[in-house]
Structure formats: structure tokens, C-alpha cells
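The values are calculated or read from the model by the stated rules, or taken from the named source; none is laboratory data. All values reported here derive from a predicted model rather than from experimental measurement. Heavy atoms of the whole protein, side chains included, go into the accessibility calculation; ligands, DNA and RNA do not. Shrake-Rupley method; radii C 1.70, N 1.55, O 1.52, S 1.80 Å.
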Amino acid sequence: KIKFRENVQIFDLTKSRKVAAKLEESVVHCSEESRMEFLYFILATTRGRTLVFCNAISTIRTLLSILGHLGLPVSAIHAQQQQRQRLKALDSFK
């Protein structure tokens, strides 16, 4: 067992704002079955650029295919791409 001091002070040095000033962060709580519909609705009705993060490359590939067939301009960046492919996708986002 590790003994700790009784009177410990914690200093949080992070800034109160964790998102850049021109960036809007959103979370939509929905069922897994309706996730794709919500994502398409948000992407189709929102102006500007959007980043979507996924936890699996297979999900990224699925989204890329479906959203591309639905007429949305999409690009993907993941670990199995060559660096030049990642840079090209990043340039298309700018």
C-alpha cells in the first residue's frame, strides 16, 4: 500500500476552453442502429467542413463508401494509408 500526503493540492493547468475558437464540437446521443442516419443528416444539412472520428479502419472504409455514394465529398485518413495518401486527403479538407 502506498501512503500519500494528507494535504495534497491539485493544480489544473489546462485552459478552460479545450476547443479552438472557430471550432464547434457536438455530440449526438442515438442508438447504434440510427447512427448512420443521424450522421448523414448532420453532414447534409451543416455548412462548412466536418471531421468524423472512428475507432476502426473498417468503419472508416464503410463511411467513405456510403457517404460517397450519397453524394457527399469525403476523404479518409487512417494508419493503413501511405503518407502521400494522407497528405492528399488532408489537402482536400483545407
Residue 30 accessible area, nearest 10 Å², 1.4 Å probe?
50 Å²
Can you list the HN-Hα couplings for the range 84-94, worked out from phi with the Karplus curve (6.51, -1.76, 1.60; θ = phi - 60°), rounded to whole Hz and with x for Gly and Pro?
5, 5, 5, 5, 5, 5, 5, 5, 5, 7, 5
For the range 37-46, Karplus-derived ³J(HN,Hα) couplings (6.51, -1.76, 1.60; θ = phi - 60°; whole Hz; x for glycine and proline) come out as 5, 5, 4, 4, 4, 5, 5, 6, 10, 9
